[in-house]
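Right, one structure below, let's go through it.
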């Protein structure tokens, strides 16, 4: 028996003259004026490849990174495929066409040749940048018990806690280092979850990826600390194409957090990352993202185009992968962290908060592909739209023919703040096994004038009321984040919403 | 001096006149009841006093302890001591009730120049209040009104009132949707919160709440004006004869009286 429900659509778009205006909307504009806190440019000489993309560019990048022949071949194959593709246009996004020949595909701080051996040798200005970002490498990382592998533009500049991790047998390094030091692992797993021909942006990334993180957790090891990477795009007109690969062997556990910030620039910058996770038997990977790329200004000028392919493969029985994301930045977010539930009894989870303010657009969600028996997935998505923001949830739950007793629960809530924003839900459900149980719940609410007034009447200021209501709305997702990042995420949301209601 | 003095209050909602010259005075420490048929403007009066957006005052004045209340933002009115118990208390999913109430109390304390309470001090205060009101403390651990029964929501309002200790409490149809047991519990809570320095305006459609909370005065609002005022017996009369007798001229309208008072 085949049950197939495709593309249930549910949209609420509030335009001028739309449904009931909310009290306080006049102040919507007032709130937004607060500038982007991470908008500074670090004045470090960087070395970039000239704009444009052809075989020569790929060869240049690969040679510069001293890569083995097989990897160059892999890149070139991806490039060849990419050159035949067209940009996808199915997402609910409006964007000016990207000129892929106008982008520089590699940028590294100039000191690359004699890379710092320790943090002491790192350009103090760079460290200052991290300070401004709130990521002082030495102190905060140590205090928080977090190992940070910071990616500054395209080259990883400093890694902490390596020793402690090495003692546990965990490999945590930049992708480039992994290519040099653990080529057999990279070769075995690279592209095994997201093939280079997966989609337009994955193919592009495969051809030109610059750096990223690599994690390998051996059998039976519980990674002793949260692993964390801060990505940051600095140089103007460069794309950042990082590539992350996490492998959790049988019975292992790892929790990984990435945070992203980009400086303020008028032009749009492209970010097309690929993240691959492999969880073998009984292994668990928790992957958390706090994304705060520059969202553009209040008129929609500038901002990051964030086109990311993230996918986890629950390859082993009883394995488990969970994605938690807090997306407050970027002019455009296009990302669907997904789980392939291949192993029997494997579990996939997706917790998401996506906030769009001003002219930001987000088309995000997940795919849960049930292949094994008794697989379970859970999707909790919270979309918040303010200003002229457009927020779409797009999710696929697919139950294959052999996936007996698959279970999915999806909860998809949208919150609208103001009258010019929109929330859209595009759930796709494909079920090919009659024993499957798939539940989908969706709500759309407006930050109610009644909720706001209730808080005001009790003496709470409007600003505090809004952040309280939004925080409550996102609670289910925040509690999946490691404690210190939950605090950060909450603060980030507050900053992003400042001025959204007034 | 009156705690609350409303003079010739006119207000519109979406341009439609709802209040058409309300005069009302409540002395410090007194409990007044405001009754009237549906659509007479009872809740509108409550919202206007509390400062809800969308309720536009076109004429008249509202003074609180001699100060102009209409010039204040809603949260400033709360800081001044105005509290409104909602007819439909609002759910705020994911926001803990205790957290919410502490934020409210501390905002009010801060505005008065008093030190904020830390969570231990606050918890102590809250436990005292719960005990006095005979309310279960599981209320503290839940999200604001989320999944509460009608009775729980109303009790939560009274509990908030107990913690915030307002100088003027407006209870907007607090009895609506309650069975008799829940009604008694709520009324009992209100009675415990009566005090010399707390005035109350109890808005109700039915007299039955006033069996449990005996008011010092009763007013009848019809078509945006106070058409009758009297003591607690007026409420019983309304109960016996319904609101229609007002329109049939069965009672002498107090309009003139109120206007005289306003003029004097």
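Here are some notes:
- Test item: B:39-52 mean partner chain Cβ contacts at 10 Å: 1
- Peptide-level mean, for A:443-456, of C-beta atoms on other protein chains within 10 Å: 5
- With the simple model of a label 7 Å out from the Cα in the direction of the Cβ, residue A:184 to residue A:461 spans 6.1 nm.
- Rounded to the nearest 0.05, the FRET efficiency derived from the C-beta distance between residue A:70 and residue A:95 at R0 = 51 Å is 0.90.
- With a Förster radius of 51 Å applied to the C-beta separation of residue B:112 and residue A:411, the computed FRET efficiency comes to 0.75.
- Contour minus Cα-Cα distance for residue B:208 and residue B:236 (0.36 nm per residue): 9.2 nm
- Burial ranking of peptide ranges A:474-483, A:93-102 (average Cβ count within 10 Å, highest at the top): A:474-483, A:93-102
- 10 Å-binned pair-distance histogram of segment B:1-157 (Cα, whole percent): 9, 31, 34, 22, 4
- Residue by residue along B:108-114, Cβ atoms of other protein chains within 10 Å of the local Cβ number 1 on average.
- Separation between Cα centres of segment B:66-121 and segment B:196-218, rounded to whole Å: 23 Å
- Under 20 Å from the residue A:250 label point (7 Å along Cα→beta-carbon), backbone N, segment A:184-212: A:185, A:188-189
- Ranked by the mean number of other Cβ atoms within 10 Å of their residues, highest first, the peptides A:177-187, A:409-419 come out as A:409-419, A:177-187.
- Measuring r between the beta carbons of residue A:163 and residue B:134 and using R0 = 51 Å, the FRET efficiency lands at 0.25.
- Helix B:150-164 and the long axis of chain B differ in direction by around 80°, with both axes built from C-alpha atoms.
- Packing-based order for A:429-437, B:152-160, using average beta carbon neighbours within 10 Å, highest first: B:152-160, A:429-437
- Centroid-to-centroid separation of segment A:437-474 and segment A:390-435 [C-alpha atoms, Å]: 22 Å
- Rounded to the nearest 5, the antiparallel percentage of DSSP beta bridges internal to segment B:4-263 is 60%.
- Taking max minus min of the alpha-carbon positions on each principal axis, segment B:4-263 gives extents of 57, 39, 35 Å, largest first.
- Under the simplified labelling scheme, the residue A:219-residue A:299 pair shows an inter-label distance of 6.2 nm, with each label point 7 Å from Cα along Cα→Cβ.
Any read-out appearing in this document is the output of simple, stated calculations on the displayed coordinates, not a laboratory observation. Here the structure is a predicted model, which is why all the values come from computation and not from measurement. Ideal geometry is used to build each Cβ from the backbone, glycine not excepted, and the neighbour counts take in all protein chains shown.
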